[in-house]
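Participant: What follows is a single structure, and I will ask about it in a moment.
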Amino acid sequence: MTDNIFNQRVDYTKNDYLDENKLPSDPFELFRGWYEFALKNVEKDPNAMILSTVNNNQPRARVVLLKKLDERGFTYFTNYNSSKSQETNKNENASITFYWRDLERQIRIEGKVEKISDQESDEYFMSRPVGSRIGAWASPQSKEIKSRKEIEQAVEQIKKKFQNKEVTRPKNWGGLRLVPKYFEFWQGASSRLHDRIIFELIEEEWIKKRLAP
Ligand SMILES: Cc1cc2nc3c(=O)[nH]c(=O)nc-3n(C[C@H](O)[C@H](O)[C@H](O)COP(=O)(O)O)c2cc1C
């Protein structure tokens with residue numbers, strides 16, 4: 001079985017080499033450039049990112065969707081009682097990783113997670129289809145449930161509760177923003193000599209460096 005895995009090998013040849021001197025000095029600007037390109041060229045979920053948190057000393061990772069990007073950071077939406085949210089409540093250090101396979105690019109971002117305002121969460125919540133809004137009420141995310149039926153019944157109850165009423169945001173659901181202090185832009189290159197350009201926030205200034213692949 002492992003034969004097939006260890007012979008699995010591709011060379012990365014899509015991109016021109018990265019020249020750190022030609023890249024923007026602001027990593028948000030570089031991120032936006034790469035993200036715009038991903039939006040046009042990645043078929044599904046270009047906004048999917050792996051969110052890694054720490055539970056005591058145990059790293060935990062899962063996919064969430066990037067839903068907002070501004071000069072403050074990267075916002076995703078979730079249940080505030082979920083495991084990931086409890087983890088960042090206790091330890092705000094987290095990282096997100098984008099991997100765009102077809103572009104041969106990866107971006108790693110590290111920083112601290114903070115809650116966004118209720119107003120911002122309301123705004124996003126109300127933009128969601130009503131089925132997803134009901135789901136947010138019905139699902140005690142990360143808690144054990146006995147069966148699929150249990151959640152289906154919860155959905156029916158929530159539908160009744162909101163009959164002829166607008167489905168507004170439950171207080172335990174909303175946005176969290178990762179505020180970055182470190183970025184790494186990785187781009188595949190031939191013979192494993194990939195490009196890695198990092199940006200570190202040092203005394204409020206982004207310092208750019210190249211790392212060995
Ligand atoms: C493509 C994809 C997108 C997802 N987007 C989200 C999301 O935006 N928010 C979220 O809470 N969970 C999202 N999930 C589910 C999470 O990966 C995870 O199962 C869930 O949030 C519970 O994680 P936790 O128990 O560690 O808190 C997504 C999963 C996938 C595969």
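The values are calculated or read from the model by the stated rules, or taken from the named source; none is laboratory data. Everything numeric in this text was worked out from a predicted model, so none of it was measured. Because the Cβ atoms are built from the backbone with ideal geometry, glycine has one as well, and the counts that use them run over all protein chains shown.
Participant: For Gln119, are the conditions met, namely being at negative phi and away from the ligand (no atom under 12 Å from the Cβ)?
Facilitator: Taking the combined requirement at face value, the residue satisfies it.
Participant: When Arg196 is evaluated against the numbered criteria (1) under 30 Å from Lys14 (Cβ atoms); (2) crowded, with 19+ Cβ neighbours inside 10 Å, which criterion, by number, is the only one it fails?
Facilitator: Arg196 satisfies every listed condition except (2).
Participant: May I pose another question? Select from region 146-168 the residues that are exposed (fewer than 14 other Cβ atoms within 10 Å of the Cβ) and charged (D, E, K, R) and list them in ascending order.
Facilitator: Lys146, Arg148, Lys149, Glu150, Glu152, Glu156, Lys160, Lys161, Lys165, Glu166
Participant: Filtering region 87-97 down to residues that are surrounded by fewer than 18 Cβ atoms within 10 Å (Cβ to Cβ) and not in a strand (DSSP E or B), which residue is farthest from the ligand (Cβ to nearest atom)?
Facilitator: Going through the qualifying residues, I end up with Glu92.
Participant: A further question on this structure: For region 1-38, which residues satisfy the criterion of being among the small types (Gly, Ala, Ser) and exposed (fewer than 14 other Cβ atoms within 10 Å of the Cβ)?
Facilitator: Answer for region 1-38, where residues must be among the small types (Gly, Ala, Ser) and exposed (fewer than 14 other Cβ atoms within 10 Å of the Cβ): Ser25, Gly33.
Participant: Here's a follow-up. Considering only region 119-129, I want to know if a residue exists there that is under 25 Å from Ile197 (Cβ atoms), touching a residue at least 24 places away in the same chain (Cβ under 8 Å), buried (at least 17 other Cβ atoms within 10 Å of the Cβ) and of a type outside the set (Val, Ile, Thr).
Facilitator: no
Participant: Could you tell me whether region 136-148 includes any residue that is in a helix (DSSP H, G or I), in contact with a helix residue (DSSP H, G or I) (Cβ under 7 Å, 6 or more places away or on another chain) and over 30 Å from Asp11 (Cα atoms)?
Facilitator: Within region 136-148 (the criterion being in a helix (DSSP H, G or I), in contact with a helix residue (DSSP H, G or I) (Cβ under 7 Å, 6 or more places away or on another chain) and over 30 Å from Asp11 (Cα atoms)), the answer is yes, since at least one residue qualifies.
Participant: Specify the residue that is nearest to the ligand (Cβ to nearest atom); the eligible residues are those in region 25-56 that are more than 12 Å from Ser83 (Cβ to Cβ) and part of a strand (DSSP E or B).
Facilitator: My answer is Ala48.
Participant: With respect to Val179, determine if the residue is farther than 30 Å from Tyr12 by Cβ, modelled with pLDDT of 95 or more, more than 16 Å from the ligand (Cβ to nearest atom) and part of a helix (DSSP H, G or I).
Facilitator: So Val179 fails the test.
Participant: Just wondering, is there one or more residues in region 77-84 that are out of contact with any Asp or Glu (no Cβ under 9 Å at 6 or more places or on another chain) and without any contact (Cβ under 8 Å) to a residue 24 or more places away in the chain?
Facilitator: Scanning region 77-84, I find no residue that is out of contact with any Asp or Glu (no Cβ under 9 Å at 6 or more places or on another chain) and without any contact (Cβ under 8 Å) to a residue 24 or more places away in the chain, so the answer is no.
Participant: Go through region 57-86 and give me each residue that's assigned to a strand (DSSP E or B), more than 11 Å from the chain's Cα centre (by Cα), farther than 18 Å from Lys171 by Cβ and within 10 Å of the ligand (Cβ to nearest atom).
Facilitator: Arg60
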